[in-house]
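See structure below.
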Amino acid sequence: MGWVFSDEMRFYLHDNETVLEGLIRTQHQQVRYECRQGYCGMCRMKVLAKTGDVTHKITPIAMLEDDEILACCCQATGTLRISYAQPACEQQAAFTDDFFANAGDKKGGV
């Protein structure tokens, strides 16, 4: 299928193998996943560069940015450079922390 370059190492995807299956097979230590069906978004990864196509074996239901994939759902041809994305739950927590930290700077309020 194609080469994948991650934050930890590079590896070759086998035929019909998803990016997540390749990450697990090559014993990546930082890979996160739960449902393996495109619902939870835990295996969200940023695509830094690609030379071929990224197709979805399963259509993901989780919301994604244009530069993100769910590793459990996609397959790649060519070369793919990916990086671990911050899980949605951590993104929400960071947003909430920033929001309340900045709310104390405003006069008046609730």
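Every read-out reported here was derived from the displayed coordinates using simple, explicitly stated rules and does not represent laboratory data. The shown structure was predicted, so the numbers you read here are calculated from the model rather than taken from an experiment.
At full extension, His14 and Lys46 could sit 9.4 nm farther apart than now, given 0.36 nm per residue minus the alpha carbon distance. Length gained on full extension, Cys35 to Lys57: 6.5 nm, using 0.36 nm per residue less the C-alpha separation.
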